[in-house]
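Let me begin by handing over the structure; questions about it come next.
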Amino acid sequence: QVQLVESGGGLVQAGGSLRLSCAASGSAFRTDSMAWFRRAPGKEREFVAAIRRSSDSTYYGDSVKGRFTISRDNAKNTVYLQMNSLKPEDTAVYYCAGGRPAVITAAGAFAYWGQGTQVTVSS
């Protein structure tokens, strides 16, 4: 059983940057794909970014392409989300997820989730 703990959220002004971290316990992390999703108030959960176990493939939602970067350090069992040029519409709770999804952008395809970290971008 893999447990995920996100950190790094907070309040930032528009145009600023944040880096989220997701620390995983358990050896499965190194063989699984990892992803970030977010949920804004009153909206559905949205795919943000994903990365395969070997880091050779990354995927991004259209709204964050060119601004966010996902990476992972398998030696540290940690996945990161570097968020630059933040906008007020990026305000959401960000969740880390892991597993072996058939469709890497589908939230329902991931087996385990963190508790989420709040990101608030002020205008």
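Accessible area per residue, 1.4 Å probe, Å², for the stretch 31-123: what's the number? Mind dumping the intermediate values first?
On the way: 4440 Å² over 93 residues.
I get 48 Å² per residue for this part.
Further question: What residue among G16, G108, G42 has the largest mean-square fluctuation in a Gaussian network model of the chain, using Cα springs under 10 Å?
Answer for the Gaussian network model of the chain: G42.
Tell me the relative contact order for the stretch 39-105 as a rounded percent, counting alpha carbon contacts under 8 Å between residues six or more apart.
Numbers: 61 pairs, mean separation 19.9, N = 67.
Worked out over the stretch 39-105, it gives 30 percent.
Ignoring ligands, DNA and RNA, what percent of the 1.4 Å accessible area of the stretch 36-123 is carbon and sulfur?
Working: 2020 of 4360 Å².
About 46 percent, which is the carbon plus sulfur part of the accessible surface.
The values are calculated or read from the model by the stated rules, or taken from the named source; none is laboratory data. On a predicted model such as this, the values are computed, not experimentally measured, just so you know. Quick note on the areas: whole protein, heavy atoms, side chains included, nothing else; ligands and nucleic acids left out. Shrake-Rupley method; radii C 1.70, N 1.55, O 1.52, S 1.80 Å.
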